[in-house]
1. Name the helices (runs of 4 or more DSSP H) wholly within the stretch B:45-112 that hold at least 2 residues that are under 21 Å from B:Tyr128 (Cβ atoms) and more than 14 Å from chain A (Cβ to nearest Cβ)?
2. Read through the list (1) buried (at least 21 other Cβ atoms within 10 Å of the Cβ); (2) among the aromatic types (Phe, Trp, Tyr); (3) more than 9 Å from chain A (Cβ to nearest Cβ), then give the number of the only condition that B:Trp6 fails.
3. What is the one condition in (1) in a helix (DSSP H, G or I); (2) at pLDDT 85 or above that B:Met119 does not satisfy?
4. Can you give me the number of residues within the stretch B:149-205 that are in a loop (DSSP other than H, G, I, E, B) and either more than 20 Å from the chain's Cα centre (by Cα) or of a type outside the set (A, V, I, L, M) (or both)?
5. Just to check your reading of the model, which residue among B:Ala196, B:Ala190 is under 30 Å from B:Leu73 (Cβ atoms), loosely packed, with under 14 Cβ neighbours inside 10 Å and outside the structural domain of B:Leu87 (by TED's automatic domain parsing)?
6. Exactly one of these conditions fails for B:Leu29: (1) surrounded by 15 or more Cβ atoms within 10 Å (Cβ to Cβ); (2) more than 9 Å from chain A (Cβ to nearest Cβ); (3) outside any helix (DSSP H, G or I). Give me its number.
7. Quick one: is B:Ala42 of a type in the set (Gly, Ala, Ser), over 17 Å from A:Leu45 (Cβ atoms) and either within 10 Å of another protein chain (Cβ to nearest Cβ) or surrounded by 13 or more Cβ atoms within 10 Å (Cβ to Cβ) (or both)?
8. Would you point out which residue out of B:Glu139, B:Glu144 is of a type in the set (D, E, K, R) and modelled with pLDDT under 85?
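The values are calculated or read from the model by the stated rules, or taken from the named source; none is laboratory data. Remember, predicted model here, so these are calculated numbers, not experimental data. Here the Cβ positions follow ideal geometry from the backbone for every residue, glycine too, while neighbour counts run over all protein chains shown.
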Amino acid sequence: MIRNLLRVSCALTLIGLGLCLWALLVPQPIPVVVSMSIAQGIGTLAFALYLLVLFIDLRVKKTLERNGP
Amino acid sequence: MTELTWIAIACIAVAATLTLWFLIANPPLNRTTKVLLLLGIAVFPIGAALSTNVVGFETTTQRKFCGGCHVMLPYTDDSADLTSTTLAARHARNPMFGTHSCYKCHANYGMYATLLTKMGGMKHVYYYYLGGYRKMPIETFLAEIHISEPMQNNTCMQCHSTTTPYFLTVPDHKGALTEIRDEKVSCASAGCHGPAHPFSKKARE
């Protein structure tokens, strides 16, 4: 599950980065508006997924430590 | 391309390389992988987003960007025309305005000016792409469309303070000083220094 979440996060990051690159290479109204709105949202979602993975990871680690080897 | 554009592209390249590496190589989820993913998903994308935003904002103040909507081309072409004697063209030849001439005159004035200007800009993008202007012939556009809000004298008064002795030697300036400062008489009106563009029309009531 963690690996899949990270894969989704990576894919979303790539989409967001692609939209940012589009605005840099084609400085027209739609690419610029998309990069400053949708791309930011996608990037934030990707980062949120990464944080979720960290949270799950820490919880699992804590549980394992509590239960002992 | 500016230096910031290259920084944005570099951040995008590094972040894309790291995320693609994870997707393709499928490495074990150890500490190194997680740190590299932190760089690829958070650090470099945030750097890319910040620099892209600044570059994007800078782009939206360029005359070329305004001319990106075909109906604006007569206005931007006139402003860039070195032989034109319109108010817009004469100001655009001043390096203080230069290639940012549209933004310098049409940006709102005041504390939240940048935000208000961008919100107004979004309205125009909406009109263009979803309001039918995109398919409108330029001739129809020039005949039908009016400026959305009256041109503010405050914008002119950022440079022309209305207080210099030279300004006050002009009888019309002296006589209408209060009306000019109170926005009751527009600097860019036909009887004064305008219209700013050859196709200018007053704002709709």
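1. Ranges flagged: B:73-80, B:101-106.
2. Evaluating B:Trp6 over (1) buried (at least 21 other Cβ atoms within 10 Å of the Cβ); (2) among the aromatic types (Phe, Trp, Tyr); (3) more than 9 Å from chain A (Cβ to nearest Cβ) leaves (1) as the failure.
3. Every condition holds for B:Met119 apart from (2).
4. 34
5. Details: B:Ala196 fails: loosely packed, with under 14 Cβ neighbours inside 10 Å.
One residue alone meets the criteria, B:Ala190.
6. (2)
7. So B:Ala42 fails the test.
8. Numbers: B:Glu139 fails: modelled with pLDDT under 85.
From the options B:Glu139, B:Glu144, the qualifying one is B:Glu144.
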